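K.L.:
Attaching a single structure in structure tokens format; questions to follow.
The values are calculated or read from the model by the stated rules, or taken from the named source; none is laboratory data. For clarity, every value in this text was computed on a predicted model and none was experimentally measured. Note that we place each Cβ from the backbone using ideal geometry, even for glycine, and neighbour counts take in every protein chain shown. The accessibility values were calculated without ligands, DNA or RNA, using every heavy atom of the protein model including side chains. Shrake-Rupley method; radii C 1.70, N 1.55, O 1.52, S 1.80 Å.
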Amino acid sequence: DNDNNENDNHRHNKCASICFRCTVVLGSTVVAWLIPDFGKFLSLVGASICSILGLILPSYFHRKAFGDDITTMELIIDYFLIIFGVVFGIIGTYESFTNLFSSSDDDH
């Protein structure tokens, strides 16, 4: 009886996983279809999210994880990366946002 419950749970989890994957693929397809120049949209997402995930959050988590054990140089680097990520994330997001709504004739 316990084995039947485990098999049912496994089948349910596998079915849910497949449904989730199909939903993500279909959602991505719809977004790509609705946005005429998907590359511009992708640059908007990349500019905002990548600066957060690649620069800001790792430095922030480093500071939180090590607290008082961080050397002055590590603290300076963390703050530099956070400021760098915020400034260039804003600039990149702004540029990508304006490019998203500009006509394709204005491209370089």
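K.L.:
If we count every other residue with Cβ under 14 angstrom of Cys15's Cβ, Lys/Arg +1 and Asp/Glu -1, where does the sum land?
P.N.:
Around Cys15, the charge tally is +2.
K.L.:
Ignoring ligands, DNA and RNA, what percent of the 1.4 Å accessible area of the range 8-103 is carbon and sulfur?
P.N.:
73 percent
K.L.:
Work out Dmax and Rg for the chain from the C-alpha atoms and quote the Rg first, both in angstrom.
P.N.:
Cα-based Rg and Dmax for the chain come out at 21.6, 67 Å.
K.L.:
Taking only DSSP H segments of four or more residues, each worth -39500 (n - 2.57), what value at 222 nm results for the chain once the sum is divided by all its residues, to the nearest 500 deg cm²/dmol?
P.N.:
Only helices count here, giving -28000 deg cm²/dmol.
K.L.:
Also, I was wondering about something else. With every protein chain kept in place and ligands, DNA and RNA left out, what is the accessible area per residue of the chain? Probe 1.4 Å, answer in Å².
P.N.:
Heavy-atom SASA per residue in the chain reads 80 Å².
K.L.:
What is the dipole size for the chain, taken about its Cα centre, with +1 at each Lys and Arg Cβ and -1 at each Asp and Glu Cβ, in debye to the nearest 20?
P.N.:
So the dipole magnitude of the chain works out to roughly 120 debye.
K.L.:
Along the positive direction of the dipole of the chain (beta-carbon charges: Lys, Arg +1; Asp, Glu -1; about the Cα centre), which of Asn99, Leu55, Val24 reaches farthest?
P.N.:
Working it through, the farthest residue towards the positive pole turns out to be Val24.
K.L.:
Taking each full run of DSSP H in the chain as one helix, which ones are at least 27 Å long along their axis (Cα atoms) and have mean Kyte-Doolittle hydropathy of at least 0.0?
P.N.:
Span-like helices, by this rule, are 72-101.
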